[in-house]
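Structure first, commentary second.
Laboratory data are not the source of any read-out in this text; all were calculated from the coordinates shown. A quick note: this is a predicted structure, and the numbers were derived from the prediction, not measured. Cβ placement follows ideal geometry from the backbone for every residue including glycine, while neighbour counts extend to all protein chains displayed.
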């Protein structure tokens, strides 16, 4: 199995924003593999290009943004070359998307049941009438009184419930790939926990793969098997989830993990913040995009570093990745703590 | 010897009219105090009333009932006019620096505004010096003074908002989700800035946030709010070591921990928590550790 081609392969993806007569790359050449049944996290801060990468894959880019290069292979077929009609058939059926704000993707003037039915019809029936299946779907995402909710409009539901409906709609056609773009960022932490647990349970049942876009390293640790870290339009590190947290090997990943206050560590006096700001789209430094904020910066960083292997399936785009990786171990050793005592 | 708190809230209620006619208790019978120089964290979900409470304490929206004492003086009974000279002691930092900074004003005039209104600094030269001093305190270059808010990033805008808040050397700052919209790497910079300034200037802080890890990092004591009421209040250490209200435990359970080894074997039950109003009365279960009973009120 391990040598099989991935379910979805992204190669050299470039997506650019058009401003007046100039085009600026938001995504600067992303490679990414999504395997059968796995959850792959794409993490990064706002402006890193993680959402645009996801939208490029689903071909749901807004005006003034277009993919200028690369391939997205599903079953060996480049979906970037499909006609819009073919793509529409594929979306929903093979690839479904859940966004941060359900109100932007739910139709405010259509009842929940109508919107679910549309999605159910994408996959020829496996028995049962549509209303029965819609009710079962709502129930499967933890919505009480599902039969009554089918006749409601989106605004009659709470934010958490709308996101549950979105997940039900996304999974109605039994897609092979779910792209979830910050699906719970706007929700409270208790609702977030319930919805992500549920999303995981339902995709596991379907055997679907999930591309989870998030900025939250806690969410990554809980739900992902593998992680790709994005910074300023490119992937700077990729690894299986344990390896990434145990041995962050790009200075940005390391900085990100260190700068968060953590419930599972003794309270730090001061947070080791990453100084400065991410570069603007129009003013990326040449070479490594992180070098202007990087404590490890050397002359060589003016040249763009390739992905360098640091362990099995673990690589980082940094000239000094071995030194960065070697720093971990002593200072990231877990300490028994409050949050654990809660259990 | 006990210190006099900067601020004491007694039985604060804030009601908003509702279509049913009975009104909604956004904040209900809240009691708390904030000591000089300390940070009180206030956590709760959206709609729990934490921002409403913050605004009611500062008299930005007057509470429906209850008293707020600033340095022992009841400010709830004061007219707006009488209150004005006291406002300099209490300032606010908002979540969204984008909408809380006037885009037509230069950074210098935004920061100078409270100084001018309070008549705290006389003369243009002195005002300019104070603005430069404040920019320096929030680690912005003096060249920022002549520029406009939209020329700055989110983190830099929050520095401007903080400079404005500390301009009059307040005794209390209410920071309402002040770092919530910032990316992690920038968030750490602003948290560090706030703690540095607090150590230097000695103001007390009511730090309102929904991120437990952030609140634990900055707060000495933490109040947990649920449906308009405080359900638990304790020192930061005690709250995390011995969370005692079911809602507090649910919050802790729900927070994802950035450690895959831990998450892989974690047992939790976030869905079991019963969402209902808990009694407003708090019981002291250990010195300084207060908890609302987890049985529902008789009336409900």
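Quick look at the numbers
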{"read-out": "For segment A:83-225, average projected area of the Cα convex hull in nm²", "value": "8.6"}
{"read-out": "Chain A - convex hull of the alpha-carbon atoms, volume per residue in Å³", "value": "161"}
{"read-out": "Length gained when the stretch residue B:102-residue B:3 is fully extended (0.36 nm per residue, less Cα-Cα span)", "value": "31.8 nm"}
{"read-out": "Overall dimensions of segment B:126-184 as given by Cα atoms, namely Rg and Dmax in Å", "value": "11.9, 37"}
{"read-out": "Inter-label distance for residue B:261 and residue B:241, nm, one decimal - labels placed 7 Å from Cα along Cα-to-Cβ", "value": "2.5"}
{"read-out": "Hydrodynamic radius of chain B per Kirkwood, over alpha carbon pairs, in Å", "value": "20.4"}
{"read-out": "Acute angle (nearest 10 degrees) that the helix B:184-201 long axis makes with the longest principal axis of chain B, alpha-carbon atoms", "value": "70"}
{"read-out": "Simple label model, 7 Å out from Cα along Cβ direction - residue B:33 to residue B:18, nm", "value": "3.3"}
{"read-out": "Rounded if a/c under 1.5, otherwise prolate or oblate - segment A:176-269, Cα gyration tensor axes", "value": "oblate"}
{"read-out": "Cα gyration tensor shape for segment B:237-296, rounded if a/c is under 1.5, else prolate or oblate", "value": "oblate"}
{"read-out": "Per residue, the convex hull volume that the Cα atoms of segment A:77-134 enclose (Å³)", "value": "110"}
{"read-out": "R0 of 56 Å, Cβ-Cβ distance residue A:282-residue B:276: FRET efficiency to nearest 0.05", "value": "0.60"}
{"read-out": "Pairs of alpha carbons in segment B:46-180 whose separation is greater than 25 Å (percent)", "value": "30"}
{"read-out": "19 Å reach of a label modelled at residue B:65, 7 Å along Cα-to-Cβ, counting backbone N of segment B:212-233", "value": "B:228-230"}
{"read-out": "Label-point separation in nm, residue A:130 to residue B:169, each point 7 Å along Cα→Cβ", "value": "7.1"}
{"read-out": "Chain A: relative contact order in percent, alpha carbon pairs under 8 Å with at least 6 residues between", "value": "19"}
{"read-out": "Two-site FRET efficiency, residue B:46 against residue A:89, from Cβ-Cβ distance with R₀ of 45 Å, rounded to 0.05", "value": "0.70"}
{"read-out": "Quotient of Cα Rg and 2.2 N^0.38 Å for the protein assembly as shown, N being how many residues it contains", "value": "1.01"}
{"read-out": "0 to 90° range, to nearest 10: angle between helix A:130-140 axis and chain A longest Cα axis", "value": "40"}
{"read-out": "Angle between chain B longest axis and helix B:154-166 axis [Cα atoms, degrees, rounded to 10]", "value": "80"}
{"read-out": "Rg to Rh quotient for segment A:9-159, alpha carbon positions, Kirkwood Rh", "value": "1.02"}
{"read-out": "Förster-model FRET efficiency, 25 Å R0, residue A:118 and residue A:81, C-beta, rounded to 0.05", "value": "0.40"}
